Each structure stands twice: as structure tokens, then as C-alpha cells.
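*Asks:* Below are the C-alpha cells for one structure; questions will follow.
The values are calculated or read from the model by the stated rules, or taken from the named source; none is laboratory data. All figures in this text were calculated on a predicted structure; none of them were measured in a lab. Neighbour counts run over all protein chains shown; Cβ positions are idealised from the backbone, glycine included. Areas reflect the complete protein model, heavy atoms only, side chains present, ligands, DNA and RNA absent. Shrake-Rupley method; radii C 1.70, N 1.55, O 1.52, S 1.80 Å.
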Amino acid sequence: MGAVAAAVAVADAHGVRCDKPVVLRQAWHVLVHLWPSPVVARVTSGAPGVDPADVERELSVATHAIRAGAPVVRPSDLLPPGPHRLDGHTIVFWHYLVEAGKVDPVAAGRGLRMIHDSLADYEGELPRAGRASEVRAMLAPIAPSRDTELLCELAARELPVGQALHGDAHLFNCIQTTTGPIWHDLETACHGPREYDLAALVLSDRSGDSEPEARTAADAYGQCDEDLLEQALPVYASWVAASFMVAVARRPDAAPALERQLQFLRRFRG
């Protein structure tokens, strides 16, 4: 049974209607809107180097943040959110977010600060920022090269001990709703300094694609350690580049974006 069919089957068993499953995203895991119900399922994909436990950690981290009033997506209340297991898949159900215009970058930056504050006392086990073991696993099937070696080396660079983080906090993972921006996709939550999330926020802008909204969001976030942000940039970017390197095989259109990322990272070669 495929990921989408597994999500529909579990939802149906709990009385949640789905006339047409709509795949919203298929990358680390599969994200499915169970239309017309306001429910989204995140289902393990089995992609190389991706930890199936990510979908369970996301639920734990988001639930903790929500208790403190942080602006993160809520687990579904139309059925037990999970984790559910069926035919080798792990499934968690979330509230479907309805987009209401462009993201307000000021509110998004302040919201990210709220998320960090809410997770400061989170004690669950999380991967280290950089996810070096996942980068190595993702790149293992790819022929070794100077670039693959560089990505593994950068991902393994140690950052100071920090706290629970979103893990992939760029504005694409933030949706403007009628109540304000809501951060989602905490599947790559990790443990590290807050500047690691800020590196995700500003990476595209720093690596050559002008993103004034990201700069505005970072300014609204408030004080941070600029030196530590510079250290975190290549660590986060190496994980992103590794995922693009894997994706290029099925998405050749991603090749230009990968090359831009590699050009940015080559300047950090020791």
C-alpha cells in the first residue's frame, strides 16, 4: 500500500471523509490533503537518508510549542493525530491551513522568536543541527566527488549546544492565515543554536537570491549572534544541497538550484 492510500485508509477508519486526496508535497515525506476534510496527513516516504521518526518528533515538538501559544500548525482534532502505523507507513494528521495572502514577514519573524522561546524547555530527544548522519546516508548512493565530500564535512561541523529548533525555518514553511502567519513542516526539528534556524531563514538571500522578505523577518526576529549565524549557514546549507543532489535524479529542473548552492558552499572549503 502506498503512502497516500495508507493515509486515506486510516482516516476512513476514523470516520474522516476523503473524496480526493491531494498531494501537497512529496520530498522528505508525503504531505496529503484529505479533501474536502480540513485534514492533512504526513506519511513516511522511505526516501534515502530520511528518518521515519521525523513525523513523530514533529508531533511532539509542535504540541509542546502550541501549549505555550506559539504560531505553529495544530494537530488535527477530527481524529486522533497519531502516530498511526499501517503497512510500513507512519502517519500523523494535522489541521489544514487555508492560505490568506502573502506572508507578513514582520509577524513571521516575531512568530519564529515565539517558537524558539516556547521550545527552550523542550526535553525530547532530537537530532543535532546539520543532521550529519542523514547527509551521509542521502549521499551514499551517489558517486563520491569533491562536492559530496564537502557536503559531508560541512554538515559535520559542530555548532554550540542550544535547544529544540524548527530545523527548516525559511518562509516557504510559513503560511499566512486569517489569524496571522503560521509556521509548519517541523518534521526536521533538531537541536542546536537558534542561529541555525535563522540561517535557514536567510540562506537564499545570503547565497545570491535576493529575498528582502527574509531580511525583514530576520530583523523582526530580533537580536542574535551574527558570528554564530555565519558559522551555521554552511552547516544548514550543506543539508539542503544534499537533498537537492538526491532530488536531481527525479527532478532535473532542480539542477540549476543545486549548482547555485554548491557554488555558495565551495567558498567554505577548508
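*Asks:* Between Asp147, Asp121, which is farther than 13 Å from Asp197 by Cα, acidic (Asp, Glu) and touching a helix residue (DSSP H, G or I) at 6+ places or on another chain (Cβ under 7 Å)?
*Replies:* On the way: Asp121 fails: touching a helix residue (DSSP H, G or I) at 6+ places or on another chain (Cβ under 7 Å).
Answer to the check: Asp147.
*Asks:* Would you list the strands (runs of 3 or more DSSP E) that sit entirely within the stretch 1-69 and hold 3 or more residues that are closer than 15 Å to His84 by Cβ, of a type outside the set (S, T, N, Q) and touching a strand residue (DSSP E or B) at 6+ places or on another chain (Cβ under 7 Å)?
*Replies:* Numbers: elements: 18-26, 29-36, 39-44.
Per the criteria, 29-36, 39-44.
*Asks:* Okay, moving on. Tell me which strands (runs of 3 or more DSSP E) are completely within the stretch 129-209 and hold 1 or more residues being of a type in the set (Phe, Trp, Tyr), or say none if there are none.
*Replies:* Details: elements: 163-165, 174-177, 180-183, 190-192.
Passing ranges, in order: 180-183.
*Asks:* All but one of (1) surrounded by fewer than 20 Cβ atoms within 10 Å (Cβ to Cβ); (2) out of contact with any Ser or Thr (no Cβ under 7 Å at 6 or more places or on another chain); (3) at pLDDT below 95 hold for Asp117, so report the exception by its number.
*Replies:* Checking Asp117 against (1) surrounded by fewer than 20 Cβ atoms within 10 Å (Cβ to Cβ); (2) out of contact with any Ser or Thr (no Cβ under 7 Å at 6 or more places or on another chain); (3) at pLDDT below 95, the one that fails is (3).
*Asks:* Output the residue which, of all residues in the stretch 81-104 that are of a type in the set (Asp, Glu) and over 19 Å from the mean Cα position of the chain (by Cα), is most open to solvent (accessible area, probe 1.4 Å). Spell out how you get there, then give the answer.
*Replies:* As a first pass, look at the stretch 81-104 and keep what is of a type in the set (Asp, Glu): 87, 99, 104.
From the residues that got through so far, the ones that are over 19 Å from the mean Cα position of the chain (by Cα) too are 87, 104.
Values: Asp87: 95, Asp104: 65 Å².
My answer is Asp87.
*Asks:* Also: Can we say Leu78 is at pLDDT 95 or above, over 24 Å from Tyr196 (Cβ atoms) and open to solvent by 30 Å² or more (accessible area, probe 1.4 Å)?
*Replies:* Details: at pLDDT 95 or above: yes; over 24 Å from Tyr196 (Cβ atoms): yes; open to solvent by 30 Å² or more (accessible area, probe 1.4 Å): yes.
So Leu78 passes the test.
*Asks:* Restricting to the stretch 182-210, and then to whatever is among the polar types (S, T, N, Q) and crowded, with 20+ Cβ neighbours inside 10 Å, can you tell me which residue is modelled with the highest pLDDT? Walk me through how you get there before you give the answer.
*Replies:* So in the stretch 182-210, the residues among the polar types (S, T, N, Q) come out as 188, 204, 207, 210.
Those left that are additionally crowded, with 20+ Cβ neighbours inside 10 Å: 188, 204.
On the way: Thr188: 90, Ser204: 87.
Among them, the one singled out is Thr188.
*Asks:* Here is a follow-up. Given the options Thr179, Thr148, name the one that is farther than 23 Å from Met245 by Cα and surrounded by fewer than 23 Cβ atoms within 10 Å (Cβ to Cβ).
*Replies:* On the way: Thr148 fails: farther than 23 Å from Met245 by Cα.
Exactly one of Thr179, Thr148 is farther than 23 Å from Met245 by Cα and surrounded by fewer than 23 Cβ atoms within 10 Å (Cβ to Cβ), namely Thr179.
*Asks:* For Pro21, which of the numbered conditions (1) touching a helix residue (DSSP H, G or I) at 6+ places or on another chain (Cβ under 7 Å); (2) of a type outside the set (Val, Ile, Thr); (3) without any contact (Cβ under 8 Å) to a residue 60 or more places away in the chain; (4) within 23 Å of Asp168 (Cβ to Cβ) fails to hold?
*Replies:* In the conditions (1) touching a helix residue (DSSP H, G or I) at 6+ places or on another chain (Cβ under 7 Å); (2) of a type outside the set (Val, Ile, Thr); (3) without any contact (Cβ under 8 Å) to a residue 60 or more places away in the chain; (4) within 23 Å of Asp168 (Cβ to Cβ), Pro21 misses (4) alone.
*Asks:* Would you call Arg25 open to solvent by 60 Å² or more (accessible area, probe 1.4 Å), within 16 Å of the chain's Cα centre (by Cα) and among the basic types (Lys, Arg)? Steps first, please.
*Replies:* On the way: open to solvent by 60 Å² or more (accessible area, probe 1.4 Å): yes; within 16 Å of the chain's Cα centre (by Cα): yes; among the basic types (Lys, Arg): yes.
Criteria met by Arg25.
*Asks:* Being surrounded by fewer than 23 Cβ atoms within 10 Å (Cβ to Cβ), touching a residue at least 60 places away in the same chain (Cβ under 8 Å), farther than 26 Å from Val72 by Cβ and of a type in the set (Phe, Trp, Tyr) narrows it down to one residue among Phe268, Phe264; which is it?
*Replies:* Details: Phe264 fails: touching a residue at least 60 places away in the same chain (Cβ under 8 Å).
None of the others qualify; the one that does is Phe268.
*Asks:* Next up: Does Asp205 count as under 17 Å from Arg267 (Cβ atoms) and either charged (D, E, K, R) or within 13 Å of the chain's Cα centre (by Cα) (or both)?
*Replies:* Details: under 17 Å from Arg267 (Cβ atoms): yes; either charged (D, E, K, R) or within 13 Å of the chain's Cα centre (by Cα) (or both): yes.
Yes, satisfied.
*Asks:* Looking at the stretch 120-145, which of its residues are crowded, with 21+ Cβ neighbours inside 10 Å and at pLDDT below 90?
*Replies:* Matches in the stretch 120-145: Gly130, Arg131, Glu134, Met138.
*Asks:* Quick check, is Phe268 of a type in the set (A, V, I, L, M, F, W, C), assigned to a loop (DSSP other than H, G, I, E, B) and closer than 21 Å to Arg128 by Cα? I'd like the intermediate steps shown before the answer.
*Replies:* Working: of a type in the set (A, V, I, L, M, F, W, C): yes; assigned to a loop (DSSP other than H, G, I, E, B): yes; closer than 21 Å to Arg128 by Cα: yes.
Considered against the rule, which asks whether it is of a type in the set (A, V, I, L, M, F, W, C), assigned to a loop (DSSP other than H, G, I, E, B) and closer than 21 Å to Arg128 by Cα, Phe268 comes out as yes.
*Asks:* For the structure I just gave you, tell me whether Ala155 is crowded, with 24+ Cβ neighbours inside 10 Å, more than 14 Å from Leu112 (Cβ to Cβ) and of a type in the set (A, V, I, L, M, F, W, C). So that I can check it myself, show each step before the final result.
*Replies:* Values: crowded, with 24+ Cβ neighbours inside 10 Å: yes; more than 14 Å from Leu112 (Cβ to Cβ): yes; of a type in the set (A, V, I, L, M, F, W, C): yes.
Here the answer is yes, as Ala155 does meet what is asked.
Condition check ((1) more than 23 Å from Trp28 (Cβ to Cβ); (2) of a type outside the set (Ser, Thr, Tyr); (3) free of Cβ contacts under 8 Å to residues at least 60 places away in the same chain) across all residues:
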position: Cys174; (1), (2), (3): no, yes, no
position: Leu201; (1), (2), (3): no, yes, no
position: Glu226; (1), (2), (3): yes, yes, yes
position: Leu229; (1), (2), (3): yes, yes, yes
position: Val235; (1), (2), (3): no, yes, no
position: Arg251; (1), (2), (3): no, yes, yes
